[in-house]
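First, the structure itself, so that you have it in front of you.
The values are calculated or read from the model by the stated rules, or taken from the named source; none is laboratory data. Bear in mind the structure is a predicted one, so any value in this text is a computation, not a measurement. Note: ideal-geometry Cβ built from the backbone for every residue, glycine included; neighbour counts use all protein chains shown.
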Amino acid sequence: MTRRPLAWLLALLPAAVGCHHFTQRHCDECFPRPIDQIPDQTKNCIHIFLIDHFDPFASSNLADVRRHLIRLGFGKVYYGYSHHVGDMMVELGTVAAEHPAARFVVIGSGAGADAARDLAAFGATIGTPVDVAIYLEPKSDEVWAETGGAGTTFTLRAADLVPPGPCPEDFKPVKESDVAMHPETLALIERELALIGMTIPPPGRPEVPRVFLVEPMPPPRDTKPHPRPLAPEWQFLRPRYPFAPSLPRQRPDIETLPMPRVVPDLPRPTELPPPGDWKATPGNGKR
């Protein structure tokens with residue numbers, strides 16, 4: 001192979017690899033969700049308790065739900081196992097006593113669903129009912145028709161969920177470990193949290209103190225001024241026309257000018273004849 005074809009081959013090789021190897025993929029459109037409209041102050045009023053069943057492999061993925069909620073802006077998220085329910089009861093009672101406007105949500109997975117139900121019942125006992133209780137794949141086969149101390153109760157099982165994405169005829173059912181992070185489960189949790197956040201009144205706006213760029217002037221004194229009269233050499237400072245007040249107008253029937261006087265020493269004027277009656281008189285220019 002000569003040098004020229006080899007040079008062309010080496011020059012076109014990066015272009016060919018770039019055209020076939022790199023493909024730009026458009027990102028999915030991000031639509032605003034109701035949970036995004038909740039202010040951060042309102043999200044801090046919602047306390048979420050996640051109770052997982054004791055599993056050294058963390059197969060329920062409930063810890064991923066906690067990370068998802070923190071990513072949404074919920075900072076008061078508690079995570080524990082069934083044997084931590086006693087500590088959660090103490091925390092629930094303490095928060096309810098210190099913050100009467102706090103709202104509570106309980107989510108239990110697997111064997112932790114029984115502990116979550118006990119926590120919701122404890123809240124109703126102390127006069128702080130839990131707003132929402134969500135049970136994910138509870139171990140007991142008992143159907144919990146009653147709310148169990150919570151305002152609203154949801155029970156989600158793997159058999160009731162549809163696999164995400166297109167569903168072919170031979171689709172595989174949802175596993176129990178995928179219930180917590182299933183899109184329908186996350187949508188249910190976000191919807192209930194958004195409904196709770198909409199019922200919380202917005203925080204009051206703090207009053208901002210006024211900041212003066214310059215030092216404010218002192219208030220005027222409550223004393224009446226006593227001006228002294230101007231000295232004669234300063235009388236020119238008095239206001240004059242057009243700044244002085246206008247003179248009063250006189251009535252039109254009052255004559256301001258004196259009557260004309262007749263001088264008696266002047267001769268009386270003589271009357272001249274009409275132009276046609278002129279006659280030759282001495283001194284008129286005719287002879």
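Listed here are the residues, each with its yes/no results for (1) at pLDDT 80 or above; (2) in contact with a helix residue (DSSP H, G or I) (Cβ under 9 Å, 6 or more places away or on another chain); (3) polar (S, T, N, Q).
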| residue | (1), (2), (3) |
| --- | --- |
| Ala133 | yes, yes, no |
| Val143 | no, no, no |
| Thr155 | yes, yes, yes |
| Thr199 | yes, no, yes |
| Gly204 | no, no, no |
| Arg210 | yes, no, no |
| Leu213 | yes, no, no |
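Quick one: what pairs do we get from the range 60-81, first residue under 23 Å from Lys139 (Cβ atoms), second assigned to a helix (DSSP H, G or I) and of a type in the set (Gly, Ala, Ser), C-beta under 7 Å, 6+ apart or different chains?
Cβ pairs passing all conditions: Ser60/Ser177; Asn61/Ser177; Tyr79/Ala63; Tyr81/Gly112.
Here is a follow-up. Residue check: is Glu233 under 42 Å from the mean Cα position of the chain (by Cα) and among the charged types (D, E, K, R)?
Criteria not met by Glu233.
Within the range 54-71, can you find the residues that are over 18 Å from Val174 (Cβ atoms) and crowded, with 18+ Cβ neighbours inside 10 Å?
Across the range 54-71, the qualifying residues are Arg66, Leu69.
Taking Val179 as meeting all but one of (1) surrounded by 10 or more Cβ atoms within 10 Å (Cβ to Cβ); (2) at pLDDT below 85; (3) more than 21 Å from Lys76 (Cβ to Cβ), write down the number of the exception.
(2)
Go over the candidates Leu69, Leu62 one by one and state the one that is within 22 Å of Ala120 (Cα to Cα) and either modelled with pLDDT under 70 or touching a Ser or Thr at 6+ places or on another chain (Cβ under 6 Å) (or both).
Only one candidate qualifies: Leu62.
Are any residues in the range 90-123 under 12 Å from Thr153 (Cβ atoms) and either in contact with a Lys or Arg (Cβ under 7 Å, 6 or more places away or on another chain) or not β-branched (Val, Ile, Thr) (or both), and if so, which ones? Steps first, please.
We begin by selecting, within the range 90-123, every residue under 12 Å from Thr153 (Cβ atoms); these are 105-108, 113, 116-117, 120-121.
Matches in the range 90-123: Gly108, Ala113, Ala116, Arg117, Ala120, Ala121.
Looking at the range 68-109, which of its residues are under 22 Å from Arg191 (Cα atoms) and part of a loop (DSSP other than H, G, I, E, B)?
Gly73, Phe74, Gly75, Lys76, Ala101, Ala102
I'm trying to understand the selection: among the residues of the range 177-199, which are of a type in the set (A, V, I, L, M) and over 16 Å from the mean Cα position of the chain (by Cα)?
Val179, Ala180, Met181, Leu186, Ala187, Leu188, Ile189, Leu193, Ala194, Leu195, Ile196
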